[in-house]
Amino acid sequence: MWKYLCPKQYAKNIHQIDIVKLKEKGIKGIIMDLDNTLVSWNDNTVIPEVADWIDQIKEAGFNACIVSNNNSRRGEVLSKSFDLPGFWKAVKPRRRAFRKALKMMNLKPSQVAVVGDQVFTDILGGNRLGLYTILVRPLNKREFVGTLFVRKVEKVILYGLRRKGLLK
Ligand SMILES: [Mg+2]
């Protein structure tokens, strides 16, 4: 159980992820979460640092897409502004949408990183499939009420992972 909840890497924000190091690890594709990873929850404002980072990963030749539990009405707008394909209503941590993304990118799980702000959706789902999981801090504290409870549980889990020395 612990193994599945532990991210392989931890970053403060998505745009602080070192893409050169990802390349060195053999990563060729990046799956990104939308809410509180690329943009704040239910907010379409794209911060310049994130836009720049997306440009950099494209220039570096990475395959990339968005996999979100949110709906397509919200997703498509951002998918267009980032110029990235997206999979919506993904029901993460279920693996189906991740599998679809891998198929679209024509990559194996070991070649793909998943970046997200939630342990129980992004990290658990990614680890179940053998992806390289990267946990980021949520962009904004404001979020879906249901998530607030999950955050409390998440805090306990992250504390546990740190104590076990699994999370640096
Ligand atoms: Mg999220």
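Computed values, structure above
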quantity: Check on N63, more than 17 Å from the chain's Cα centre (by Cα), closer than 29 Å to E24 by Cβ and open to solvent by 30 Å² or more (accessible area, probe 1.4 Å); calculated: no
quantity: Residue ranges of helices (runs of 4 or more DSSP H) in segment 1-120 with at least 2 members away from the ligand (no atom under 16 Å from the Cβ) and of a type in the set (K, R); calculated: 19-24, 72-82, 96-105
quantity: Index of the failed condition, S72 passing every other in (1) buried (at least 17 other Cβ atoms within 10 Å of the Cβ); (2) at pLDDT below 95; calculated: (1)
quantity: Within segment 1-54, considering residues that are hydroxyl-bearing (S, T, Y) and in contact (Cβ under 8 Å) with a residue 60 or more places away in the chain, the one surrounded by the most Cβ atoms within 10 Å (Cβ to Cβ); calculated: T37
quantity: Hits in segment 96-110 - residues which are open to solvent by 50 Å² or more (accessible area, probe 1.4 Å) and of a type outside the set (K, R); calculated: M104, N106, S110
quantity: Qualifying residue in segment 142-157 (condition: of a type in the set (A, V, I, L, M), modelled with pLDDT of 95 or more and over 19 Å from K3 (Cα atoms)); calculated: no
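The values are calculated or read from the model by the stated rules, or taken from the named source; none is laboratory data. Keep in mind it's a predicted model, so treat the numbers as computed, not measured. We place every Cβ from the backbone using ideal geometry, glycine too, and count neighbours over all the protein chains shown. Ligands, DNA and RNA are excluded from the accessible area calculation, which covers all protein heavy atoms including side chains. Shrake-Rupley method; radii C 1.70, N 1.55, O 1.52, S 1.80 Å.
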